[in-house]
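Everything on this sheet refers to the single structure shown next.
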Amino acid sequence: MTDEELAALQHKRFSPVLSVQKKIRANNKKLQRVAAYEAETGQLNADQKKVVASKPALEAVQRELNELVKVFETEEADDEKRVAKKQQYEEKQVQLRINQALSNSKVSSQNDLTLLLQFLHLYSLFNPSSSHASQILPPVVANATNEQTAAVHTLFNNLANGPLFGASADGSSDAVSQIKSLQDGSHKSIVEGITFADVKQMIFDLTAPPAEVGHEIPEEEAHPNGLSLNGHDSSSLQMPSVTDQPPLAGASAPP
């Protein structure tokens with residue numbers, strides 16, 4: 001038996017309408033017996049006469065039961081409408097929550113992708129090609145400590161060579177988990193003295209306007225609803241190329 005059939009059976013079992021209708025049928029049987037006695041041509045005994053005498057009372061009960069069943073039928077119909085409306089509302093709420101979850105998941109994935117691209121740009125600045133070795137590096141890269149440099153290289157290696165899902169053999173986290181730690185600004189260490197939050201701050205300093213460099217990441221940007229760390233949509237995000245950096249004074253321009 002399905003859940004719908006069980007629910008319908010329970011509804012019928014406890015229905016006031018069915019209960020009253022059962023009483024109507026029982027009362028009808030009594031009225032039928034009265035009619036049978038009335039149709040007899042012979043002499044009725046005392047008990048039969050008593051049954052015939054109860055006819056007015058039985059008819060009154062029958063009228064009351066018929067009126068009562070109409071009331072209950074109306075109430076049950078109203079209840080069914082309320083239940084149907086409530087079910088429709090709950091189904092809509094569930095669908096809205098599903099849509100919201102899908103939307104949040106999509107935005108989260110876009111945020112993760114944008115942050116990953118920004119990190120890869122940061123990593124590229126720590127590893128310029130030999131043909132652009134004379135480029136002017138942003139302060140966040142030029143002034144980076146050995147520990148910060150090591151953390152950027154370690155994180156890149158973990159993302160590039162580590163497992164996508166699940167811990168690796170040496171117990172390190174998978175790439176997806178490390179991207180999430182970077183997105184969340186986790187205080188878990190990448191290398192000694194440098195956390196994911198520190199690297200995220202470096203990315204923020206690289207992408208933020210000059211006036212904001214060195215400031216801590218605002219709370220709304222530490223957990224962005226948009227697609228970039230500084231609140232810009234990815235469609236307007238332009239990641240500077242190393243070739244866009246002005247050459248050092250006295251250096252010849254590349255051909």
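The values are calculated or read from the model by the stated rules, or taken from the named source; none is laboratory data. Here the structure is a predicted model, which means the values were calculated and not measured. Cβ coordinates were reconstructed from backbone atoms using ideal geometry, including for glycine residues, and neighbour counts include every protein chain displayed.
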Looking only at region 46-89, which residues are closer than 20 Å to Ala26 by Cα and among the aromatic types (Phe, Trp, Tyr)? Phe72
Of the listed residues (Leu116, Leu155, Leu159), the one being of a type outside the set (S, T, N, Q), at pLDDT 90 or above and in a helix (DSSP H, G or I) is Leu155
So how many residues does region 16-54 have that are free of Cβ contacts under 8 Å to residues at least 12 places away in the same chain and outside any helix (DSSP H, G or I)? 6
Within region 53-75, is there a residue that is surrounded by 10 or more Cβ atoms within 10 Å (Cβ to Cβ), hydrophobic (A, V, I, L, M, F, W, C) and more than 26 Å from Pro16 (Cβ to Cβ)? yes
So which residues in region 172-202 are among the aliphatic types (A, V, I, L, M) and either on the phi > 0 side of the Ramachandran plot or free of Cβ contacts under 8 Å to residues at least 60 places away in the same chain (or both)? Ala175, Val176, Ile190, Val191, Ile194, Ala197
